[in-house]
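Participant: Structure provided below as structure tokens; questions to follow.
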Amino acid sequence: MGAIAAALQACQNRIASACHAAGRAEKCARLVAVGKTFPAASIREAYAAGQRVFGESYLQEALPKLEQLADLAIEWHFIGPLQSNKTRQVAAHFDWVHSVEREKIAQRLSEQRPAHMPPLNVCIQVNVSGEASKSGVAPAAALALAQAMATLPNLRLRGFMAIPEPSHDTSLQRSRFRRVAELLQAARTSLDLDTLSMGMSADLEAAIHEGATLVRVGTDIFGARPVIKNNPQERTA
Ligand SMILES: *Cc1c(COP(=O)(O)O)cnc(C)c1O
């Protein structure tokens, strides 16, 4: 077995154990394999090992990879910061977007989703740690944004995404994720939502404990990445 296949297997085992420990179904959270900074060949290797869902954070880097991997039946998730000038390409090439934080971006994604494609699955990114440098809508504004986005015709609002501040304190990790889970619960009284995108290599157990349905894992599968400076999305703890 190659290194990526072995790492994927280990990660799936980690997810299964976390689901079990949380008293949830064995496959309670789907794995989004985050291939940013790694070449198409690494993603192809993970695909050969059975992985079908992949995430990318940087559009410029992702587009050529998507093209090189167009022969594969991959479900592509865009998980990075999203400005207006990128929405058209994201709407045309991805199946999911996790990082919507403004209504205007959501409107553009809906308008620019090609007519022949199914609605774009979207999550609202919530700034659950209140860090000024982090992306995401404030928790207090998340429900209003969800109500507005749910009316957009070419989007399917699925739930919330969060990237808490790095911490080795499990109870802090859990309390951040619980906040996101509570938002989902509140939104579900009026909206049909099913997704909590939370948990990465360092904190997926805590996220699954609090109800994550999608975990986004890069390092644990593909290895360490070069540090990219000035990227608030990147965590270096
Ligand atoms: C890079 C990235 C991940 C993966 O992080 P790891 O710590 O490498 O598992 C998850 N989510 C987002 C939004 C990312 O940018």
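The values are calculated or read from the model by the stated rules, or taken from the named source; none is laboratory data. None of the values given here were measured: they were computed from a predicted structure. Cβ coordinates were reconstructed from backbone atoms using ideal geometry, including for glycine residues, and neighbour counts include every protein chain displayed.
Participant: Tell me which of these Ser171 doesn't satisfy, since it passes every other one: (1) polar (S, T, N, Q); (2) touching a strand residue (DSSP E or B) at 6+ places or on another chain (Cβ under 7 Å); (3) modelled with pLDDT of 95 or more.
Facilitator: (2)
Participant: Give the residues of the range 104-135 that are modelled with pLDDT of 95 or more, among the small types (Gly, Ala, Ser) and over 22 Å from Thr189 (Cβ atoms), sorted by residue number.
Facilitator: We begin by selecting, within the range 104-135, every residue modelled with pLDDT of 95 or more; these are 104-127.
From what is left, the residues that are among the small types (Gly, Ala, Ser) are 106, 110, 115.
Within the range 104-135, Ser110, Ala115 meet the criteria.
Participant: Is it the case that Ala73 is part of a loop (DSSP other than H, G, I, E, B), more than 13 Å from the ligand (Cβ to nearest atom) and either of a type outside the set (S, T, N, Q) or within 21 Å of Asp220 (Cβ to Cβ) (or both)?
Facilitator: It is true that Ala73 is part of a loop (DSSP other than H, G, I, E, B), more than 13 Å from the ligand (Cβ to nearest atom) and either of a type outside the set (S, T, N, Q) or within 21 Å of Asp220 (Cβ to Cβ) (or both).
Participant: Would you mind finding the one in Ala5, Ala16, Ala25, Ala41 that is of a type in the set (A, V, I, L, M, F, W, C) and either touching a residue at least 12 places away in the same chain (Cβ under 8 Å) or touching a His at 6+ places or on another chain (Cβ under 9 Å) (or both)? Give the derivation first.
Facilitator: Details: Ala16 fails: either touching a residue at least 12 places away in the same chain (Cβ under 8 Å) or touching a His at 6+ places or on another chain (Cβ under 9 Å) (or both); Ala25 fails: either touching a residue at least 12 places away in the same chain (Cβ under 8 Å) or touching a His at 6+ places or on another chain (Cβ under 9 Å) (or both); Ala41 fails: either touching a residue at least 12 places away in the same chain (Cβ under 8 Å) or touching a His at 6+ places or on another chain (Cβ under 9 Å) (or both).
Going through Ala5, Ala16, Ala25, Ala41 in turn, the sole match is Ala5.
Participant: Would it be correct to say that Glu205 is among the charged types (D, E, K, R), assigned to a helix (DSSP H, G or I) and either at pLDDT 95 or above or within 16 Å of the ligand (Cβ to nearest atom) (or both)? So that I can check it myself, show each step before the final result.
Facilitator: Numbers: among the charged types (D, E, K, R): yes; assigned to a helix (DSSP H, G or I): yes; either at pLDDT 95 or above or within 16 Å of the ligand (Cβ to nearest atom) (or both): yes.
The answer is yes for Glu205.
Participant: For Leu157, only one of the following conditions fails: (1) within 28 Å of Pro114 (Cα to Cα); (2) surrounded by fewer than 19 Cβ atoms within 10 Å (Cβ to Cβ). What is its number?
Facilitator: For Leu157, the exception is condition (2).
Participant: May I ask you to list the residues in the range 177-224 that are of a type in the set (Lys, Arg) and surrounded by 23 or more Cβ atoms within 10 Å (Cβ to Cβ)?
Facilitator: Result: Arg216, single match.
Participant: Considering each residue of the range 92-123, count those that are assigned to a helix (DSSP H, G or I), hydrophobic (A, V, I, L, M, F, W, C) and in contact (Cβ under 8 Å) with a residue 40 or more places away in the chain, and give that number.
Facilitator: So the first thing to find is which residues in the range 92-123 are assigned to a helix (DSSP H, G or I), and the list is 92-93, 103-112.
Retained after the next criterion (residues that are hydrophobic (A, V, I, L, M, F, W, C)): 92, 105-106, 109.
Subsequent filtering for residues that are in contact (Cβ under 8 Å) with a residue 40 or more places away in the chain retains 106, 109.
Result for the range 92-123: 2.
Participant: When the range 14-37 is examined, which residues are found to be within 16 Å of the ligand (Cβ to nearest atom) and surrounded by fewer than 21 Cβ atoms within 10 Å (Cβ to Cβ)?
Facilitator: In the first step, residues of the range 14-37 are kept if they are within 16 Å of the ligand (Cβ to nearest atom); the result is 14-15, 18, 29-37.
Arg14, Arg30, Lys36, Thr37, listed by residue number.
Participant: Is there a residue being surrounded by fewer than 17 Cβ atoms within 10 Å (Cβ to Cβ), in contact (Cβ under 8 Å) with a residue 12 or more places away in the chain and within 13 Å of the ligand (Cβ to nearest atom) anywhere in the range 141-150?
Facilitator: no
Participant: Here are Lys36, Lys65: which of them is among the basic types (Lys, Arg) and over 28 Å from Ala181 (Cα atoms)? I'd like the intermediate steps shown before the answer.
Facilitator: Numbers: Lys36 fails: over 28 Å from Ala181 (Cα atoms).
The conditions single out Lys65.
Participant: How many residues are over 21 Å from Gly55 (Cα atoms) and in contact with an Asp or Glu (Cβ under 8 Å, 6 or more places away or on another chain) if we restrict to the range 86-136?
Facilitator: Residues flagged as over 21 Å from Gly55 (Cα atoms) and in contact with an Asp or Glu (Cβ under 8 Å, 6 or more places away or on another chain) within the range 86-136 amount to 2.
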